């Protein structure tokens, strides 16, 4: 049995409680001082708790309490201050933030801005060129940059011109010259640069004063995340997505301001609430979309104006094709799922891609598949494989599985005549140019020689650009 | 009839009636003394069976098993006579009053080992002058250990004797193989271990007519086969590129590590099949497979690959779970009651 009082304290000189006051006076002041500084602690907080605070321990905290069972001994202190929680939407905004420059990266000497001719010359294959600032703003307006692309580690947005890029740009140029529409789907493995090729096509279009309409994610249209309503009087029923369309009109207006400001309307649009006479600037028409209510009508009017004869060529692009090649998540009033092709905006794109709504002024309809986030669309996959085999004039074109019921006739029809551009890894020369650019930016800290290039090329799955980036930049061992 | 049945049963059991057994045992002893395990000794059961079925009193000698298919009494007797008449089977007649054992270790408690030791000594006296080959070139043989010998012979062999014996064995083994007599080879055979680890040599990997070398590697539960050809650094694993096959950059690096460590990434193409196990195991199985195939192309790379840790198979596996434990080592949670 241990003593209830602390023996160390008893040893010290200390005025007993029982001692009368007058006896205390006889003692020396020094002894009293020693006695009262006994419960000593190095920190002020502990001092306050033991001696200074004196809330429960009137005796100086040196009377032992009996043994108590302490439950939850190993529980962490859950009341730790975590700071302010981020506001709603702040996390997502941070996740989706697009950072296009980094002042810590070194400026690359000899980096030239793109000009319209650059992207057409086969001599420029395997070169890195930077995007002019004006075009960067336009691309940002149409949301061509993706948060997954690592622009944020370089000084200035620049891109590698691949042989496929030059090839596609020349095809676009040729189609526009002959007032035809290039209808093409970009496919390929994961992170082989499909979205990047779309961005390059848009850059080319902006540089050549085309009109660019871009749907950055097909997903946004079909996952029931924006408002929709049946279009009155349509039979069969089509659905409009006014909020999204309003956003799209604003993006078109902002990105194509340079072109639209020179154009004026050639048709009257009596159905619009706001009177826009023939000959008024197109910007006025685009600006009239202020609210979601009549956005779809204004978009239709704008589309008619843009596809009228004598307009500049147009690029209509969409990323994430498989999302619009399936039954959407929207429901009809009868609570039946709506096919994505019954959504009016999607339908517009699909018809353009399928060749039903050709652009009279020429241009291109480009779509890119996605491998990261894409639902399975068996018909689309089959159709693209078939088109690819037909283009390559292969002996055996893939045939549909006779025992599979998930094929979609509408998707097959939409993709019956498209061209397919399949992307795979880049060549060693292109890899070398790219790595030299990384090294010049101060991000890759190795000597770029043949062995380093071939090593990263192999590690990146035979030159898959995104995988090379991961192997070289994102898993840096500094 | 009853006697016949009894005899038949005895024959099937491989035994003989009592009286005959007695003098046959004596006969056997005589053989052991005089002939020392010559060809006419002691396999008596077949002949005994034949003799007992016919209830004859003929003497049982060993005979060929082939002859007993259609034997009757008269047949066996004629055979017996022919055996007696044949010169090689004639019994030797004792020349001494007291039989002298052939084996010098007859009166020893450890006859077998002693016999073999004496045989070796005799061989050494006979063939000790034959030329030997240098120690480095002698074929490596795993000899029986002392414990093995004690176990198999059932004799307590002294360690010092055994050491001397093995020394003799090694000396005899070093005789030049082209000059080594049959007797030496036969005598040494008894000292060889049943399983020879040194003869277990892996088949050398060859580069085939298409320039491919096939290496097989294992790690944990994974098995990898890698065909390595000269090329430009393309890698395909199970029909996918390296990035698709391995999501982790670390795994990709370990898969092509033999090529990286020897700066051969852009000199060879790899086409591999991997199965079993997880991603790490598959990647490291590939390391071994590619390294082996690479050594077929360039054998001089073996030291470099060994330094890079690509030659030795990692034998570690998942440790088995034990009863009374939650996993291999983890103990169950302490519960108060």
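Quick look at the values:
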read-out	value
Antiparallel bridges, percent of DSSP beta bridges restricted to segment A:112-423 (to nearest 5)	25 percent
Counting all C-alpha pairs of segment A:348-430, share separated by more than 16 Å (%)	62 percent
Cα pair distances of segment A:277-320 binned at 10 Å [whole percent]	23, 50, 25, 2
Beta bridges per DSSP with both ends in segment B:213-307, % antiparallel, nearest 5	85 percent
Percent of alpha-carbon pairs separated by more than 24 Å within segment A:125-281	47 percent
Gyration tensor verdict on segment B:213-307 (Cα atoms; rounded if a/c is under 1.5, prolate if a/b is larger than b/c, oblate otherwise)	prolate
For segment A:215-270, diffusion coefficient by Stokes-Einstein and Kirkwood Rh (Cα), 4 °C, 1.567 mPa s, µm²/s	95 µm²/s
Label-to-label distance, nm, for residues given as residue A:395 and residue A:419 (7 Å Cα→Cβ offset)	2.8 nm
Packing-based exposure ordering (other Cβ within 10 Å, fewest first) of A:381, B:182	B:182, A:381
Segment A:428-474, Cα convex hull volume normalised per residue, Å³	57 Å³
Mean separation of Cα contacts under 8 Å (6+ apart) over length of segment A:373-461, as relative contact order %	25 percent
Neighbour-count order for B:268, B:106, A:330, fewest beta carbons within 10 angstrom listed first	B:106, A:330, B:268
Relative compactness, segment A:112-423, computed as alpha-carbon Rg over 2.2 N^0.38 Å	0.99
Pairwise Cα inverse-distance average, inverted: Kirkwood Rh of segment B:90-224 (Å)	18.8 Å
Relative packing of A:411-418, B:283-290, A:198-205, which averages over residues the other C-beta atoms within 10 Å, highest first	B:283-290, A:198-205, A:411-418
Over segment A:237-378 - Rg/Rh using Cα atoms and the Kirkwood inverse-distance radius	0.99
For B:193, B:260, order by how many other beta-carbon atoms lie within 10 Å, fewest first	B:193, B:260
Spin-label pair residue A:167/residue A:65, simplified geometry with 7 Å Cα→Cβ offset, distance in nm	7.9 nm
Computed over segment A:141-228, Kirkwood Rh from alpha-carbon pairs, angstrom	14.8 Å
Radius of gyration, Dmax [segment B:156-262; alpha carbons; angstrom]	24.6, 66
Rounded to 5, the percent of DSSP beta bridges in segment A:196-330 classed as antiparallel	40 percent
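Where a number appears in this text, it was derived from the coordinates with a stated rule and is not lab data. This is a predicted model, so every value here is computed, not measured. No Cβ is skipped: glycine too gets one built from the backbone with ideal geometry, and neighbour counts run over all protein chains shown.
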